[in-house]
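Quick notes on the structure that follows.
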Amino acid sequence: MALAGRRDGLMLRGSGGSSGKPLSRGSRIAVAVAVGVALGCVCAFLYPDGLLFGSSTSALHWPRHVDSTTCEPSGQVTSLKSELATLETKNAAMRRQINELSMKLQLAGQGKDETLYKAGPFETVKALRTNPSVIPDESINPRLAKVLEEVAVKKELIVALANSNVREMLEVWFTNIKRVGIPNYLVVALDENIESFCKSKGVPVYRRDPDEGIDNIAKTGGNHAVSGLKFRVLREFLQLGYSILLSDIDIIFFRNPFDHLYRDSDVESMSDGHNNMTAYGFNDVFDEPSMGWARYAHTMRIWVYNSGFFYIRPTIPSIELLDRVAGRLSREPKSWDQAVFNEELFFPSHPGYEGLHASKRTMDIYLFMNSKVLFKTVRKDAQLRKLKPVIVHLNYHPDKLDRMKAVIEFYVNGKQDALQHFPDGSEKGET
């Protein structure tokens, strides 16, 4: 009761305490709270383990020192690993669901008038640059899926198609890939001889299951016929969720191309253009004097993408592109695969035709260099000769093997006059 008396005494004091007037109700509550806080602090200091139970006798108190024999760390670690694996599985499933829902949202918005997103302030609005990747489906080709799992790096790899007609160039191709130290590449062998040859050289190789429609062309076809096959062959790679850097075998690698890709488009391709204007696009004015004051018509032009070297992501537009090109090549046997490839990429929708909704990027023409750029411009320019390209594609010249060897001499072995005896154009150089 002493505490109660002390509490009453405190409550009688205050601003009106000297006159003996009673405190107001609000003042009494404030004083009571202050006293309670003070008493709580005192109790916490005097009895750190609580007023009711002591630290040594409390049945609810956690022990400060645990006998090491009672711990089972291995069991706990195993349990945590199991929980982590479960969470990772759930996380992967959620990522697949997000990709699937993103694709459905994108498809749902196509052809509709309503706006799906609110536009931001002036000059801040940017459209989506990349389409979502497809959900990998290993059931379409389990054998290829296993090969790609072993060869690819970060779900990416270089892929080339080859038959026995190009064996010598193929050896130059993979020898330089090995020299650069690129681990993620694969040769799709179109006949048994190339398959055996690659295996003997320690080159990753994949031989497709028999397919009469493809095998007849693969075994006997020339460069253009074999080149057209890649659009059918690559489809399975994309369905399995891999990004492919498709490469013809008349290409020399000097640096790892995966270090120089943007990966912001469905298709990222080297150009047949020979300068900035032709490769990246220009406003070409058509002059027709008979039209009078309207004689000048402005046109937009760009030189074609090279279908022998392009990076393609596993998206719905990319697979549609492959289907379109392969379908047309089968129906139009005299057509050129590169022309069809570009027409399907660039032709806009118009009456009677629905264009492809695929995003595109043109590669740097001095890093991903075609042979016209090299022999007409670079080799004659003192500054450009110092630049080391990522690849050189001998696409403009028929004497491919000789020029490939000369390009290696120039860029790898430092032989400065290795390119001099070749003409600019397609005539064969002196040997």
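The values are calculated or read from the model by the stated rules, or taken from the named source; none is laboratory data. Quick caveat: nothing in here was measured; it's all calculated off a predicted structure. Heads up, the Cβs are rebuilt from the backbone with ideal geometry, glycines too, and the neighbour counts pull from every protein chain shown. Keep in mind that these areas ignore ligands, DNA and RNA; they rest on the heavy atoms of the full protein, side chains included. Shrake-Rupley method; radii C 1.70, N 1.55, O 1.52, S 1.80 Å.
Table for the structure above
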| read-out | value |
| --- | --- |
| Given charges at beta-carbon only (K, R positive; D, E negative), |dipole| of the stretch 161-209 in Debye | 220 |
| Amide H contacts under 5 Å for Y242, placed H, 5+ residues apart | none |
| Under Karplus coefficients 6.51, -1.76 and 1.60, residue-wise ³J(HN,Hα) of the stretch 74-90 in Hz, glycine/proline x | 5, x, 5, 4, 4, 5, 5, 5, 5, 5, 5, 4, 4, 5, 5, 5, 5 |
| Electrostatic dipole magnitude of the stretch 329-431 [Cβ: Lys, Arg +1; Asp, Glu -1; Cα centre; debye, to 20] | 400 |
| Violating pairs (Cα-Cα greater than 27 angstrom) within the set K90/K154; K201/K405; K118/K360; K201/K386 | K201/K386 |
| Length-normalised contact order of the stretch 152-211 in % [C-alpha pairs under 8 Å, at least 6 apart] | 37 |
| Integer Hz, Karplus 6.51/-1.76/1.60 couplings in order for the stretch 164-176, x for Gly and Pro | 5, 5, 10, 4, 5, 5, 4, 5, 4, 4, 6, 5, 6 |
| Angstrom value of the Kirkwood radius, inverse mean 1/r, which spans all Cα pairs in the stretch 275-431 | 18.5 |
| In sequence order, calculated HN-Hα J values of the stretch 296-312 (Karplus, 6.51, -1.76, 1.60; Hz; x Gly/Pro) | 9, 10, 8, 10, 9, 10, 8, 6, 5, 6, 8, 7, x, 7, 8, 9, 10 |
| Of all accessible heavy-atom area on the stretch 335-417, the percent that carbon and sulfur account for (1.4 Å) | 53 |
| Carbon/sulfur fraction of accessible area - the stretch 122-175, other protein chains in place, 1.4 Å, % | 53 |
